[in-house]
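Okay, structure first, notes after.
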């Protein structure tokens, strides 16, 4: 098991957890997911398009529209979500648990101008399981807040191959991505960042 290298407000950040070859293999696996369940641009419940494009793998996929944020068993275009790639499950098994696998792997693609506002991951039924986050591609400025909105925050640049585990007190802490630093990774064919987040839903 990779040694933990950094902790910020309960967020465990495993720097360089995935080497270059492992990152490339994971990107290829995610391309398979996208072929089976294409990226889409969700709308917020307030009618505004989100800046990231996304899809999912697993039993459930995360969606958002006028009806709210939720998990669904099918892609908005109607197809079932593809299985979570084994490469992703291996990371979960190493850093979280072999006893319980995630129900959803949310795939977020950030282009050079995309960002993600401060939010909590709270659409799941069981908060005792952590959320695991994998960064691939260009660096993203990860902002960590508090259990409630507002207050002092801390930021850290996440690089390709970094993995974050959000559990315990950090499980419902507000967090987001302020911006992407294009050109900091040659992993993807074009500037951008892929973020994978694995969740136990039920």
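Read the figures in this text as sums done on the coordinates, not as results from a lab. Because the structure is a prediction, the values reported are computed rather than measured. Cβ placement follows ideal geometry from the backbone for every residue including glycine, while neighbour counts extend to all protein chains displayed.
Tabulated data
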| item | result |
| --- | --- |
| Distance in nm between pseudo-label sites at residue 79 and residue 184 (7 Å out along the Cβ direction from Cα) | 3.3 nm |
| Gain in span if fully extended, residue 72 to residue 46, counting 0.36 nm per residue against the direct Cα distance | 7.4 nm |
| For the range 1-146: relative contact order, % (alpha-carbon pairs under 8 angstrom, 6 or more apart) | 21 percent |
| Highest-fluctuation residue, 67, 31, 53 considered, GNM on the chain with Cα pairs under 10 Å | 67 |
| Choice from 62, 157, 92 with maximal GNM fluctuation in the chain (Cα, 10 Å cutoff) | 157 |
| Share of Cα-Cα pairs in the range 73-162 lying beyond 15 Å, as whole percent | 71 percent |
| For the chain, average projected area of the Cα convex hull in nm² | 10.5 nm² |
| Most mobile of 48, 181, 152 in a GNM of the chain (Cα contacts under 10 Å) | 152 |
| MRE, 222 nm, helices only [DSSP H, n ≥ 4, -39500 (n - 2.57), over the chain, to nearest 500] | -4500 deg cm²/dmol |
| Computed E for residue 90/residue 5 - FRET, C-beta separation, R0 30 angstrom, nearest 0.05 | 0.95 |
| Between the range 77-95 and the range 7-32, the Cα center-to-center distance that results, in Å | 14 Å |
